[in-house]
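To start, the structure under review is shown below, and the notes come after it.
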Amino acid sequence: MSIQEKGNISIHTENIFPIIKKFLYSDNEIFLRELVSNAVDAVQKIKRLGSLGQFSGEVGQPLVQVAVDKDAKTITISDNGLGMTAEEIKKYINQVAFSGASEFVEKFKDAKDANEIIGKFGLGFYSAFMVADLVEIQTLSYQDDAEPARWVCDGSTEFEITEGTKTTRGTDIILHVNKDSEEFLEESKLQEILNKYAKFLPVPIKFGTKTESVEDGVDEEGKAKYNDVEVDNIINTTNPIWTKAPADLSDEDYLNFYRELYPFSEEPLFWIHLNVDYPFNLTGVLYFPKLKNDFEMQRNKIKLYSRQVFITDEVKDIVPEFLMLLHGVIDSPDIPLNVSRSFLQADSNVKKINNYITKKVADKLGELFAKDRKAYEDKWKDIGLFVKYGMISEEKFYDKAKDFALVGNTKNELFTLPEYKEKVTALQTDKNGTLVYLYTNDAAKQDAFIQSANKKDYDVLVLDSPIDNHFINQLEQKLEKTSIKRVDSSVADKLIEKDEQNEHVLTEDQVKEVTTIFEKAITKPGMHVEIVALHPEELPVTITMDEFMRRMKDMAAMGGGMGFYGQMPDNYKVAINGNHKLVSKILKAEGEEQSNLAKQAVDLALLAQGMLTGAELTAFVSRSVELI
């Protein structure tokens, strides 16, 4: 019987080709992913039919081949899978695939399995027309007495079905590449796309051949001889580690896989093997990279797959924001392949996956902390940033992480949040019952302030990562009656207000006189003089910026929506220690000596805060030389 049929594809909506080009596929290299995935699907189906006893013929070695012919300007994707009859071509190619983009999305909502639509010659097949102006199918079905069939279409709604020439089971898709897409006739380009999308497909993908050196006996000196041989260029690993059971894998397997994904990276700290089949399907391996304090968001390092087909490395909606710092692979057939971002955001499976991954990561960190605290503390420098980021951005993560998040002080001791509260409550509770945590974001620069706090037996935390501003705000909201102040936001006596006060040695008139002297000595704007009674050994002059004001300015600088504060001029408190002997000396001095001493004391305080620069620094150095 000879098959001969021409016809029109019935279309209920506008022409589907512009829709395919714009709506479904923003990236034209996707055509290769779709056609290779379809071929893999056809091969897996024949294997399944064989194992179920529904196909008695020889299944053979599963294989998909990609070939390019530069002269003929064709790309051919061949498989030894199910094949199709002429009737099946009509059904899959002319009806299912052409049912329109709007119906596609409707169908997708009800489909239990992405492959029902995108699988065997679903819409994915038509991505071929993004690069080809003529597409030909040559196919032979596995069914008994099936005849080979050929289908051809030039990207209009017209098609032709005739008798085919294929003599072995399976399907060849031949793309006659259009003028705009001739870059895809370059072998290196196809190799690159296959490496990206097909690296872990479950059926071997052959793309031409490659030369390999193999050992072939020994020479006269007994050294190994090598011969070059041509072998199939199989571009994929068909059983990547995420498809295996964790019990069957060693640490070295996980590390080797990491090296394969990220060839030039430092070794990861540890990893999490994901494996869940209810209420959704998800497998994968996530690695914790070494982050340190460089908050270059190493995003787009997690690769998303669906049944071992690479989809994207923009996983923003599937993976919680703070986990974008992780590296690795997630594979889920429950994530649609080609739908828009807004669909992803609204998809309930995606939300469930997001929550599951958050829980899994929190459980892993909690387990590492409980199992070997010392090892966990050693890693804290690398994972601290990540944990804090999670606590700020995810409520559920905060609830778990508060038990394994650590804070470190200037003595290099690490504490959990409950431990730290216990450590400082007795000494660092102010007269209103508020617990005050002190911190430095630059221990070297703020050393004088840290030493003053230490003299009072106050503890000082080190919070110097790029994210700590936000972390401090989060802790203040979460911790009961707790205030967090930078150690240089006031003099030590005023950081934690207590009932007991130091006695003032100055009279009221002397306070006024000292205020006037120092106001004249200060040339910088926004400096407000205040005479305070401190311990005589504290510095004579201390310059500080109010905690609230400085924090708002820091957040404005980081783009934290506090722009209004960023516009405000800087305001500083100049605390003059009325009990210091230098103040008595200044009161006794006269004329130029008095103003020089006051200037010198103010400049020393500015120097301590890194605020003395330019001509003022030069003048200070000259004055210091004269005073020696």
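The values are calculated or read from the model by the stated rules, or taken from the named source; none is laboratory data. Here the structure is a predicted model, which means the values were calculated and not measured. Note that we place each Cβ from the backbone using ideal geometry, even for glycine, and neighbour counts take in every protein chain shown. These accessible areas exclude ligands, DNA and RNA; they are computed on the full protein's heavy atoms, side chains included. Shrake-Rupley method; radii C 1.70, N 1.55, O 1.52, S 1.80 Å.
Things worth noting here:
- Cα gyration tensor shape for the stretch 38-95, rounded if a/c is under 1.5, else prolate or oblate: oblate
- Furthest towards positive pole of dipole, P540, Q446, H504, structure part the chain, Cβ charges: H504
- Close amide-amide hydrogen proximity is noted between A405 and L417, each under 5 Å apart and 5 or more residues distant or on a separate chain (H modeled in the peptide plane; Pro and chain starts excluded).
- If you plug the beta carbon distance of T516 and D570 into 1/(1 + (r/R0)^6) with R0 = 35 Å, you get a FRET efficiency near 0.90.
- Relative to the longest principal axis of the Cα atoms of the chain, helix 547-557 runs at roughly 40 degrees.
- Per DSSP, loop trypsin sites (Lys or Arg not before Pro) in the stretch 153-229 with at most 11 further Cβ within 10 Å: K223
- Inter-part distance where the stretch 181-252 and the stretch 393-459 are each reduced to a Cα centre, Å: 54
- Local net charge near A619, Cβ-Cβ under 10 Å (Lys/Arg +1, Asp/Glu -1): 0
- Rolled with a 1.4 Å probe across the full set of protein chains, the surface gives Y572 an accessible area near 40 Å².
- Crossing angle, helix 251-261 versus the chain [Cα axis fit, 0-90 degrees, rounded to tens]: 80
- Residues L414, L325 ordered from highest to lowest accessible area at a 1.4 Å probe: L414, L325.
- For the chain, the 222 nm mean residue ellipticity estimated from helices alone, with every DSSP H stretch of n ≥ 4 adding -39500 (n - 2.57) and the total spread over all residues, rounds to -11000 deg cm²/dmol.
- Interchain or long-range residues, amide H under 5 Å from L134's placed H: H176
- Long-range amide H partners of Y437 with built H, under 5 Å: S483, I484, K485
- A full extension of the chain between D313 and D403 corresponds to an added length of 29.2 nm, given 0.36 nm per residue minus the alpha carbon distance.
- Debye, to nearest 20: dipole size of the chain, +1 on Lys, Arg Cβ, -1 on Asp, Glu Cβ: 1500
- FRET efficiency estimate (nearest 0.05) - Cβ-Cβ, E321 to T425, R0 45 angstrom: 0.85
- Y262-D232 pseudo-label distance in nm [points 7 Å out on the Cα-to-Cβ vector]: 3.3
- Note, ³J(HN,Hα) from phi for the stretch 523-533, Karplus 6.51, -1.76, 1.60, rounded to Hz, x at Gly and Pro: 9, 6, x, x, 10, 10, 7, 9, 8, 10, 9
- Compared with the dominant principal axis of the Cα atoms in the chain, helix 187-197 is inclined by about 70°.
- GluC sites (Glu not before Pro) restricted to DSSP loop in the stretch 156-236 with at most 13 other C-beta within 10 Å: E186, E220, E221
- The chain, accessible surface, carbon-and-sulfur percent (1.4 angstrom probe): 48
- Residue among I383, S624, V491 farthest towards the positive dipole end of the chain, charges placed on Cβ: V491
- Exposure ranking of W271, W242 by accessible area [1.4 Å probe, largest first]: W271, W242
- Residue-normalised accessible area of the stretch 396-541, expressed per residue, 1.4 Å probe, Å²: 51
- Take every Cα pair under 8 Å whose residues are at least 6 apart in sequence, average their separation, divide by the length of the stretch 163-247, and the relative contact order is 27 percent.
- Taking a Cβ cut-off of under 10 Å around L175, the surrounding Lys, Arg, Asp and Glu residues balance to a net charge of -1, with basic ones at +1 and acidic ones at -1.
- Counted charge near L606, where neighbours are those whose Cβ lies closer than 11 Å (Asp, Glu -1; Lys, Arg +1): 0
- At most 14 other Cβ within 10 Å, DSSP loop - trypsin sites (Lys or Arg not before Pro), the stretch 482-514: K498
- Here each label is just a point 7 Å from Cα along the line to Cβ, and for E183 and L52 those points are 4.2 nm apart.
- Label zone of F270 (point 7 Å out along Cα→Cβ, amide N under 13 Å): in the stretch 403-435 this covers 404-405.
- Dipole orientation for the chain: of the candidates S250, N412, I161, N412 has the Cα lying most toward the positive pole (charges on Cβ; Lys, Arg +1; Asp, Glu -1).
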